[in-house]
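Undergrad: Next up is a structure, given as structure tokens.
The values are calculated or read from the model by the stated rules, or taken from the named source; none is laboratory data. What you see is a predicted model; the values in this text were computed from it and never measured. With ideal geometry, Cβ positions are generated from the backbone for all residues, glycine too; neighbour counts draw on all protein chains shown.
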Amino acid sequence: MIKNQIDPDLLVMLDTEVDLNFWENLPEARATRRALSEETGTNVSVMDHIVFEDHLIPEAGNNPNLRIRVYRPETTSGPVPALLWVHGGGYVVGSIDSEVSIMQRLVDEVGCIVVAVEYRLAPEHPYPMPLDDCYQALSWLFSNTDKLGINADKVAIAGISAGAGLAAGLALMARDLGDYKIIFQLLLCPMLDDRNDQLSTHMDLTGISWDRLCNQNGWQAYLAGPYQEGLHHYAVPFRVEDLSNLPPAYISVGSLDLFLDEDIQYARRLLEAQVAAELHVFPGGIHAFEFFVPSARLSSRAHYLNYEILKHAFSRQS
């Protein structure tokens with residue numbers, strides 16, 4: 001039944017997507033994901049004029065090998081906005097190396113600098129280590145605004161899936177610590193709630209997309225067990241009661257995504273907390289469709305909105 005509702009352009013995803021039953025052999029699954037990115041070309045540079053370079057952050061707490069990748073627009077006139085990007089992968093797979101072409105297009109369209117963070121993966125590195133890596137990358141970005149030509153008043157954060165969950169947690173963490181000002185959060189099909197009790201988490205997505213069992217296992221890996229109050233405060237953004245004083249947000253999700261209900265409700269809760277929030281539900285979209293099938297018409301619409309919303313967010317900030 002679910003297959004009949006998928007946008008026709010996305011059906012190719014069912015042929016190219018890797019097996020999601022990878023929990024017994026994560027190293028193999030990570031290698032398979034890298035191979036898939038090579039097959040789809042998302043790891044290939046497609047724009048010679050959008051250059052990028054990797055940096056190691058030696059002062060990054062207990063992770064001396066934290067790697068970030070900085071993408072730069074072709075031409076700039078003075079300091080430009082910047083976006084901290086957090087890749088997806090259910091907290092257990094994924095890499096900045098698999099998103100080169102997508103990041104280049106984003107930089108080219110928006111005209112901002114992108115700093116992508118290669119955070120450590122669970123279960124080897126559970127919470128708070130992945131989020132700590134993201135915060136260290138944000139700290140490095142703000143510490144190097146002059147060197148990188150970044151306008152420190154125009155820094156946003158973004159991510160997809162688990163990366164969007166980390167970005168939402170990062171926004172909460174930055175709000176509470178008060179060290180850095182984030183002006184916007186772009187959350188693409190964010191992974192926000194570990195409880196798996198929303199209606200959409202019961203959709204039969206087995207063999208199609210990120211499903212209920214995947215979600216259960218992903219959260220188990222990230223939290224190193226069940227959720228514990230006081231221990232996992234920023235790990236599960238949906239559980240945080242106070243969502244006030246957060247940066248404005250854009251949340252997008254497909255209508256056939258496991259995260260549909262939690263994403264809709266998170267957007268509503270942001271609005272109730274007087275946080276400017278915009279929500280877009282893509283009919284016929286399955287989880288992370290815009291990254292797995294970037295050439296689909298629905299994906300083109302999703303990317304266009306991402307670009308326009310970021311440009312608008314950056315232009316509104318004086």
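Undergrad: Which residue is modelled with the lowest pLDDT, if the candidates are limited to segment 38-69 and must be in a strand (DSSP E or B) and among the aliphatic types (A, V, I, L, M)?
TA: Ile57
Undergrad: Can I ask one more? Within segment 109-131, track down each residue that is charged (D, E, K, R) and touching a strand residue (DSSP E or B) at 6+ places or on another chain (Cβ under 9 Å).
TA: The answer is Glu118, Arg120.
Undergrad: Output the residues belonging to segment 175-193 that are crowded, with 24+ Cβ neighbours inside 10 Å and either of a type in the set (Asp, Glu) or part of a helix (DSSP H, G or I) (or both).
TA: Across segment 175-193, there are no qualifying residues.
Undergrad: Does Ala29 satisfy the condition of being modelled with pLDDT under 80, assigned to a loop (DSSP other than H, G, I, E, B) and small (Gly, Ala, Ser)?
TA: No: the conditions fail for Ala29.
Undergrad: Condition first: modelled with pLDDT under 95 and among the charged types (D, E, K, R). Now tell me which residues in segment 94-108 satisfy that.
TA: Of everything in segment 94-108, those that are modelled with pLDDT under 95 and among the charged types (D, E, K, R) turn out to be Asp97, Glu99.
Undergrad: Kindly provide the set of residues from segment 286-305 that are over 13 Å from Leu14 (Cα atoms), in a loop (DSSP other than H, G, I, E, B) and either in contact with a strand residue (DSSP E or B) (Cβ under 6 Å, 6 or more places away or on another chain) or not hydrophobic (A, V, I, L, M, F, W, C) (or both), ordered by number.
TA: Pro294, Ser295 - these are the residues of segment 286-305 that are over 13 Å from Leu14 (Cα atoms), in a loop (DSSP other than H, G, I, E, B) and either in contact with a strand residue (DSSP E or B) (Cβ under 6 Å, 6 or more places away or on another chain) or not hydrophobic (A, V, I, L, M, F, W, C) (or both).
Conditions (1) more than 25 Å from Gln198 (Cβ to Cβ); (2) loosely packed, with under 15 Cβ neighbours inside 10 Å; (3) not hydroxyl-bearing (Ser, Thr, Tyr), marked per residue:
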residue: Leu270; (1), (2), (3): no, no, yes
residue: Ala273; (1), (2), (3): no, yes, yes
residue: Gly285; (1), (2), (3): no, no, yes
residue: Ala288; (1), (2), (3): no, no, yes
residue: Phe291; (1), (2), (3): no, no, yes
residue: Arg297; (1), (2), (3): yes, yes, yes
residue: His303; (1), (2), (3): yes, no, yes
residue: Glu308; (1), (2), (3): yes, yes, yes
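Undergrad: Could you check Asn215 against (1) among the polar types (S, T, N, Q); (2) more than 17 Å from the chain's Cα centre (by Cα); (3) surrounded by 18 or more Cβ atoms within 10 Å (Cβ to Cβ) and say which number it fails?
TA: (2)
Undergrad: Restricting to segment 241-280, name every residue that is touching a Phe, Trp or Tyr at 6+ places or on another chain (Cβ under 7 Å), part of a loop (DSSP other than H, G, I, E, B) and either at pLDDT below 95 or under 23 Å from His312 (Cα atoms) (or both).
TA: Answer for segment 241-280, where residues must be touching a Phe, Trp or Tyr at 6+ places or on another chain (Cβ under 7 Å), part of a loop (DSSP other than H, G, I, E, B) and either at pLDDT below 95 or under 23 Å from His312 (Cα atoms) (or both): Pro247, Pro248.
Undergrad: Within segment 91-101, is there a residue that is touching a residue at least 60 places away in the same chain (Cβ under 8 Å), touching a strand residue (DSSP E or B) at 6+ places or on another chain (Cβ under 7 Å) and among the polar types (S, T, N, Q)?
TA: So far as segment 91-101 goes, yes, one or more of its residues are touching a residue at least 60 places away in the same chain (Cβ under 8 Å), touching a strand residue (DSSP E or B) at 6+ places or on another chain (Cβ under 7 Å) and among the polar types (S, T, N, Q).
Undergrad: Is it the case, given these coordinates, that Pro294 is in contact with a Phe, Trp or Tyr (Cβ under 6 Å, 6 or more places away or on another chain) and either in contact (Cβ under 8 Å) with a residue 60 or more places away in the chain or charged (D, E, K, R) (or both)?
TA: no
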